[in-house]
Amino acid sequence: MNLPNILTVIRMAIVPVFIVCYYLGAGAGGTGFAIAAFVIFVAASITDAMDGHLARSRGLETNFGKLMDPLADKALTAAAFICFVDTGTIPSWMAIVIIIREFLVTGLRSVAASSGVVIAAGNSGKLKTVLQMVTISLFLLSVPLSSMVAGSLARLVATVCLWSALAVTVYSGVEYVWKCRGLLNMK
């Protein structure tokens, strides 16, 4: 196990901790847990950026990392969006669109890989990830700040970011399908 893989394993392992902190923080008087959920998510987002960079720059790329890094990212963001639906923070259809895109792209990458083709994340996919992480972070931050004006502002900005993330998510999904169209023969 190298450092990038350890970061990935930690990110995957803290998903349940994040979920528990989120729900405890969403309840009355759970400000400390709400802050913990925010800190956990932000820390996990930072390790997401770090582990890929470390693996590529230091020649530490492994098959484990190629499989688990995107899975850990998707588990964390999907967990957050599902929690948001459950607590009425976002509409369910938005989370469904976002999660379906993730399944679609993962499936397309698997089909491409089985054909010996590697489909790297494009700029729209990277922007999608950043927008989703910023959106989630802002919604998480709005919980402990809910009794202040800053909480309302964070929620407003998070909502704008959510719509932007949704648009870029759909666009990047279409872009992946277009890139893989040659691999998707119906024979």
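Remarks
- Cβ separations smaller than 7 Å between residues 6+ apart or across chains give the following pairs from the range 116-132 residues that are at negative phi to residues that are assigned to a loop (DSSP other than H, G, I, E, B) and hydrophobic (A, V, I, L, M, F, W, C): Ile119/Cys180.
- Of all residues in the range 100-117 being surrounded by 15 or more Cβ atoms within 10 Å (Cβ to Cβ) and either basic (Lys, Arg) or within 19 Å of the chain's Cα centre (by Cα) (or both), the one that is modelled with the lowest pLDDT: Arg109
- Selected residue (only one of Ile6, Ile10, Ile82, Ile40 is assigned to a helix (DSSP H, G or I), of a type in the set (Val, Ile, Thr) and within 26 Å of Leu108 (Cα to Cα)): Ile82
- Test for Ser164: is it small (Gly, Ala, Ser) and either within 23 Å of Ile35 (Cβ to Cβ) or surrounded by 13 or more Cβ atoms within 10 Å (Cβ to Cβ) (or both): yes
- Filter result (hydrophobic (A, V, I, L, M, F, W, C) and assigned to a helix (DSSP H, G or I)) within the range 48-69: Ala49, Met50, Leu54, Ala55, Phe64, Leu67, Met68
- Of the residues Ala95, Ala72, the single one that is at pLDDT below 95, over 18 Å from Glu175 (Cβ atoms), under 13 Å from the mean Cα position of the chain (by Cα) and part of a helix (DSSP H, G or I) is Ala72.
- Residue that is nearest to Ala120 (Cα to Cα) [pool: residues in the range 20-37 that are in a helix (DSSP H, G or I) and in contact with a helix residue (DSSP H, G or I) (Cβ under 6 Å, 6 or more places away or on another chain)]: Ala37
- Filtering the range 39-52 to residues that are out of contact with any Lys or Arg (no Cβ under 9 Å at 6 or more places or on another chain) and under 12 Å from Asn5 (Cα atoms) leaves Met50, Gly52.
- Checking each residue in the range 178-187 for being surrounded by 13 or more Cβ atoms within 10 Å (Cβ to Cβ) and assigned to a helix (DSSP H, G or I) picks out Lys179, Leu183.
- For the range 144-153, the criterion of being part of a helix (DSSP H, G or I), in contact with a helix residue (DSSP H, G or I) (Cβ under 9 Å, 6 or more places away or on another chain), surrounded by 13 or more Cβ atoms within 10 Å (Cβ to Cβ) and touching a residue at least 12 places away in the same chain (Cβ under 8 Å) is met by none of the residues.
For every residue, the table says whether it meets (1) acidic (Asp, Glu); (2) surrounded by 15 or more Cβ atoms within 10 Å (Cβ to Cβ); (3) under 30 Å from Ser147 (Cα atoms).
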{"site": "Ile35", "(1), (2), (3)": "no, yes, yes"}
{"site": "Ile40", "(1), (2), (3)": "no, yes, yes"}
{"site": "Ala43", "(1), (2), (3)": "no, no, yes"}
{"site": "Thr47", "(1), (2), (3)": "no, yes, no"}
{"site": "Pro70", "(1), (2), (3)": "no, yes, no"}
{"site": "Ala79", "(1), (2), (3)": "no, yes, yes"}
{"site": "Ile119", "(1), (2), (3)": "no, yes, no"}
{"site": "Ser124", "(1), (2), (3)": "no, yes, no"}
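- Of all the numbered requirements in (1) outside any helix (DSSP H, G or I); (2) at pLDDT 90 or above, Thr77 misses one, and that requirement is (1).
- Some residue of the range 133-142 being within 26 Å of Ile46 (Cβ to Cβ) and more than 17 Å from the chain's Cα centre (by Cα): yes
The values are calculated or read from the model by the stated rules, or taken from the named source; none is laboratory data. For clarity, every value in this text was computed on a predicted model and none was experimentally measured. Please note: Cβ atoms are built from the backbone with ideal geometry, for glycine as well, and neighbour counts cover all protein chains shown.
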